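Quick notes on the structure that follows.
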């Protein structure tokens, strides 16, 4: 190998690639959990169980993809849960007022990215911490929800009900909803953007070392603003999917969802300080959360609060793992 | 010497000027909207009125924000306070509900001691993650923020635990010297934290660690211990706030107690003039910040707007405060004003003594 | 080898900042196919010159030409595009990205907006092969050593058809083997006709690689010399300058005899204390009442020695004895407990806490030693602070002013006061007089003399040999991260001899022990 005039010492040649360790750990965890499920409950081996995990968590997946962009730059977006709720509320409200479905879709999909753009600008131009800016965004969006209506608004629109009830499946009766397909499309687009476009590569570079990125001539500000806009867009799509799923807009829906989303991203192997992680990992992270919920549902004796405790425990384990293998750029 | 004291006072006054102004404006707006807003009346030996309500309701937030002030001053943040509120409240209520005599003072005191013990452990957990293992504060406390809600529900078994204990209810609704007991508890905590930090050297050491960690280390400060302590104090403050929140309604709901209080607390600290980057902290400012937030909530409520909508106003306040604090934003303004006030008292001082 | 026409010229460059004249009428030229060392002590104007060249700063006066054409860059990006690339001391790449990506990010070959990874890797391999480097281009950069990262940075720099390559202290964190690799690549690039501007503090490296040397001092040009015609001693003299005639009116105190001072058990004796990548193991003793000067050029390891003495960095090995009993200095807190104080050269980052008041900054170390539960009573604080504000003439004399509002010299005095009130037995002063006005400087020098007369041991670091000579009983000389000599400060020792020692690294006439 090293016949050149120079031997280059490198630590990782014969070891597991360090950056993939968290993702592989998540994959292993997922397989183990699935194995436990299958061995304990016969019904668990039904393919529809997996499909249901996707159906129940499609909107979460989309939002988590947006969060992955933000966290990869080393930022954080606390507003996602509220933006999801706001999008659903706005859609429900406008539909109730009789606007055509297509127009409602466009409006609903514009609100999230606009808020994200504004937050990104505040973060970049005024140098305020993302935590605080997106906290304000969270307050704002949640406040808008109740401003629109204090109670839940049902959706009866034909397009929405069709999207909600359409089943795409195989002859044996297993099916997924359209939302799942949309979520997968978002995942694929995001994975492509991160891996193959300059925007995506700049996201990684900025997360790795913002000063270096600036010195290398990369557009720091534009990229930062872009990721919050992308996160806003993903939250908006997530909100639409949620409104397909519940066929309503409720002011207090998706409260605390930002925590689930951040947890899914971290469990999926993305490092919270930025610069390392994959959309694929985020998919796994969302699946882990989904399978935990399913397992706890299957096991009648365990209660729903175990979900949170287990998620917290996993979060701890993965953060510790990231520290141990020394992924700490900056 | 008098001159320097005067200057010191004006500086303090300046720091609290905006928070006080905001509070006064809000109170004035309320009074205009509802002329009886500021009136206080004595009924059954207790004082009643909107100002008293605001004070009473802001007590838990003041408590949480006091601990948060110390944590933020070290350059950290504690997201887990809401969960700690829920756990300690649940712990206390659970214990009391299992006892035959819920009105016994010893039962209540035992419950409080147990819950405080648990809070201490949680504070130690956060402290170890941040100060010993060296995980970023925002991430380290996120763990407990997520898992803590589950733990609280685990304690209550997902139920809303209702208790019927006079002494416990007293923490939230009792009265002392015609005023709600909660006000005294918050005041006592504030005085205690103030004494704890300002009568000892702790406050200065915390500010030093938050202001320049490396310089502090080279001055011989064992910053790990200080940071650790801040998280423990924060958890204990949150626990007491948790007692109040549960005592107010005589029940513990693992999901609802202390929901979003971490955000309100951070907001109160920032409004009070303590920088999120760490360094100088202002307990009086934090208390004012908490009062502003509670007044805002009460105002919105009084104006018959849904309480959730108050979040809209909060968003505006957060952004306004942060913009005022942001150096990038300030620079634009101070550039225009820079010429007038001399930021160099050094050169001016000798000149003062020379008669013109 | 050297083309007759320079690729780059800078003529009559002047640059001032408010209150400082950073560059004054400096000329500089760079020929294709040469390695040109830019030398100078701290504040000589090296980095300002580079920043003017790359467009970070505007020039006040003077002209720059590239390939004979006048140019004026608006920033590093534009300079890079024109073929003037810079590689900084700190590797400015993203360690989380792959080697190939670090070379090409921002200008990846694309097809319809999609990065062509295969092409990126192929080109990266080709480029690295040109530098004779065999790396896995898809491995993350962080998995390679700093030296390799530095070379990848060079690869990135030269891919943009660089004709001029500026290497700003690239070797400061490399070990000998890594430096050799870097030099091999530098020679190769030089042979390809690239002009290399090389900034370093290591004399040996200059003589190993540089064809010519330009020396700056205090913002002015000292001269440009072919390396072969400039002996090391002359270089050191030119860098430091012979300001032997500036003896200000400090009364020459009757210098106690070194042998007499060094009788009995030393206050602190370290042996084989060292830290990889910072300073080679050294041994040194300091007695009560003794001033030990540390002389050496910038980057020679002066500060690193001081930091080991204070436990600011942890030593890899070696022994420490205090008062003759075995001890350790592993953390600053531990060192302070043993009676050691340390004024860092980096006031801003490692000294002051800017938000706190003068009073709080002064009592900080004393308070830390007492623990937070035992606050220093306010009256005692005021007494101590007043005393030192007066004694050191700190302006403004208001102890409640935030320390960030003070001038550099006054901040330095605040730091001195911080340590003096702890009544240390050994005080380490790292460049205490740098960047402060002459009056404050004299005051601080006088203070050092007084302290040592009072029995305090002082480890005194300064870039100014005069100052070191005037104050020290013994001078330890640093060169290229090694303590090369310890000289008794008797009649025979003068700046000339210290410079010789720095230049040659000889161990002649070493003090026993």
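Below are the figures for this structure:
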{"read-out": "Single unsatisfied condition, residue C:455 versus (1) surrounded by fewer than 16 Cβ atoms within 10 Å (Cβ to Cβ); (2) free of Cβ contacts under 8 Å to residues at least 60 places away in the same chain; (3) in the same structural domain as residue C:288 (by TED's automatic domain parsing)", "value": "(2)"}
{"read-out": "Residues of segment C:117-136 that turn out to be surrounded by 15 or more Cβ atoms within 10 Å (Cβ to Cβ) and outside any helix (DSSP H, G or I), as a count", "value": "5"}
{"read-out": "Residue B:147 vs. criteria within 14 Å of chain A (Cβ to nearest Cβ), under 22 Å from residue B:258 (Cβ atoms) and in a helix (DSSP H, G or I)", "value": "yes"}
{"read-out": "Residues (at the interface with chain C (Cβ under 8 Å from one of its Cβ atoms) and part of a helix (DSSP H, G or I)) located in segment A:196-223", "value": "A:196, A:198, A:201, A:202, A:204, A:205, A:207, A:208, A:211, A:212, A:213, A:215"}
{"read-out": "Residue match in segment A:251-272 (condition: touching a helix residue (DSSP H, G or I) at 6+ places or on another chain (Cβ under 6 Å), more than 14 Å from chain C (Cβ to nearest Cβ) and closer than 21 Å to residue A:118 by Cα)", "value": "yes"}
{"read-out": "Residue list for segment B:194-220, filter: under 16 Å from residue C:354 (Cβ atoms) and in a loop (DSSP other than H, G, I, E, B)", "value": "B:212, B:219"}
{"read-out": "The listed residue being on the phi < 0 side of the Ramachandran plot, surrounded by 24 or more Cβ atoms within 10 Å (Cβ to Cβ) and within 13 Å of the chain's Cα centre (by Cα), out of B:91, B:68", "value": "B:68"}
{"read-out": "Any chance residue A:272 is within 22 Å of residue A:319 (Cα to Cα) and either surrounded by fewer than 22 Cβ atoms within 10 Å (Cβ to Cβ) or under 16 Å from the mean Cα position of the chain (by Cα) (or both)", "value": "yes"}
{"read-out": "Enumeration of residues in segment A:248-262 that are at pLDDT below 90 and either out of contact with any strand residue (DSSP E or B) (no Cβ under 8 Å at 6 or more places or on another chain) or surrounded by 22 or more Cβ atoms within 10 Å (Cβ to Cβ) (or both)", "value": "A:249, A:251, A:252, A:253, A:254, A:255, A:256, A:257, A:258, A:259, A:260"}
{"read-out": "Boolean, residue A:307 is within 14 Å of chain B (Cβ to nearest Cβ) and on the phi < 0 side of the Ramachandran plot", "value": "yes"}
{"read-out": "Residue tally, condition buried (at least 24 other Cβ atoms within 10 Å of the Cβ) and away from chain C (no Cβ under 14 Å), over segment B:181-231", "value": "3"}
{"read-out": "Subset tally (residues that are within 11 Å of chain A (Cβ to nearest Cβ) and out of contact with any helix residue (DSSP H, G or I) (no Cβ under 9 Å at 6 or more places or on another chain)) for segment C:117-152", "value": "1"}
{"read-out": "Of the criteria (1) more than 14 Å from chain B (Cβ to nearest Cβ); (2) surrounded by fewer than 19 Cβ atoms within 10 Å (Cβ to Cβ); (3) farther than 30 Å from residue A:272 by Cα; (4) touching a strand residue (DSSP E or B) at 6+ places or on another chain (Cβ under 9 Å), which one residue A:192 fails", "value": "(3)"}
{"read-out": "Top-ranked residue of segment B:272-313 - restricted to ones that are at pLDDT 90 or above and not in a helix (DSSP H, G or I), ranked as farthest from the other protein chains (Cβ to nearest Cβ)", "value": "B:282"}
{"read-out": "Criterion (crowded, with 21+ Cβ neighbours inside 10 Å, without any contact (Cβ under 8 Å) to a residue 60 or more places away in the chain and part of a helix (DSSP H, G or I)) met by exactly one of C:359, C:404, C:380", "value": "C:359"}
{"read-out": "Condition met for residue B:19 (surrounded by 19 or more Cβ atoms within 10 Å (Cβ to Cβ), assigned to a helix (DSSP H, G or I) and modelled with pLDDT under 80)", "value": "yes"}
{"read-out": "Flag for residue C:55 being more than 11 Å from chain A (Cβ to nearest Cβ) and at positive phi", "value": "yes"}
{"read-out": "Residue ID - nearest to the other protein chains (Cβ to nearest Cβ), chosen from residues in segment C:419-445 that are more than 24 Å from the chain's Cα centre (by Cα) and at pLDDT 85 or above", "value": "C:422"}
{"read-out": "Among the residues listed as B:247, B:268, B:235, the single one being in a helix (DSSP H, G or I), crowded, with 22+ Cβ neighbours inside 10 Å, more than 18 Å from the chain's Cα centre (by Cα) and in contact (Cβ under 8 Å) with a residue 12 or more places away in the chain", "value": "B:247"}
{"read-out": "Sole exception among (1) surrounded by fewer than 24 Cβ atoms within 10 Å (Cβ to Cβ); (2) more than 9 Å from chain B (Cβ to nearest Cβ); (3) farther than 12 Å from residue C:418 by Cβ for residue C:340, by number", "value": "(1)"}
{"read-out": "Residue in segment C:55-70 that is within 20 Å of residue C:200 (Cβ to Cβ) and touching a residue at least 60 places away in the same chain (Cβ under 8 Å) present", "value": "no"}
{"read-out": "Evaluation of residue C:107 against (1) within 14 Å of another protein chain (Cβ to nearest Cβ); (2) in a loop (DSSP other than H, G, I, E, B); (3) crowded, with 19+ Cβ neighbours inside 10 Å (one fails), failing number", "value": "(3)"}
{"read-out": "Some residue of segment C:49-64 being in a helix (DSSP H, G or I), crowded, with 18+ Cβ neighbours inside 10 Å and touching a helix residue (DSSP H, G or I) at 6+ places or on another chain (Cβ under 7 Å)", "value": "no"}
{"read-out": "Qualifying residue in segment A:279-296 (condition: more than 8 Å from chain B (Cβ to nearest Cβ), farther than 30 Å from residue A:148 by Cα and free of Cβ contacts under 8 Å to residues at least 40 places away in the same chain)", "value": "yes"}
{"read-out": "Residue tally, condition out of contact with any strand residue (DSSP E or B) (no Cβ under 8 Å at 6 or more places or on another chain) and part of a strand (DSSP E or B), over segment C:268-310", "value": "1"}
{"read-out": "Count of residues meeting criterion [more than 7 Å from chain A (Cβ to nearest Cβ) and within 21 Å of the chain's Cα centre (by Cα)] in segment B:125-141", "value": "7"}
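The values are calculated or read from the model by the stated rules, or taken from the named source; none is laboratory data. All figures in this text were calculated on a predicted structure; none of them were measured in a lab. As a convention, Cβ positions derive from the backbone with ideal geometry for all residues, glycine included, and neighbour counts pool all protein chains shown.
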